[in-house]
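Encoded as C-alpha cells, the structure appears first; notes follow it.
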C-alpha cells in the first residue's frame, strides 16, 4: 500500500513528453506557485482537499474515475 512515505505515481501515457509541473499530493505545500495557472488535480481523499485550496489561486479541474462524494 502506498502512502505519504511511499507515494505512488503510476506510469501514464504521455508522461515522458509532458512539459508541465507534476506533483504527487505528498509534494504539495501551498497554492502560491500555481496562482493564475490551470491545474488538474487527480482525485483521491487528500487531492480533493488540495483542489479546494488551489481553487483560491488557480483554475482547477478535478479528474476522477467515479463521482466525488
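Every number here is computed from the coordinates shown, using simple stated rules; none is lab data. Not measured: the values here are computed from a predicted model. As a convention, Cβ positions derive from the backbone with ideal geometry for all residues, glycine included, and neighbour counts pool all protein chains shown.
What the table below lists for this structure:
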{"item": "Two-site FRET efficiency, residue 40 against residue 8, from Cβ-Cβ distance with R₀ of 22 Å, rounded to 0.05", "result": "0.80"}
{"item": "Relative contact order of the chain, defined on C-alpha pairs under 8 angstrom at six or more residues apart (%)", "result": "28 percent"}
{"item": "Compactness of the chain as Cα Rg over 2.2 N^0.38 Å, two decimals", "result": "1.12"}
{"item": "Per-peptide average of other Cβ atoms within 10 Å, ordering 48-56, 15-23 highest first", "result": "48-56, 15-23"}
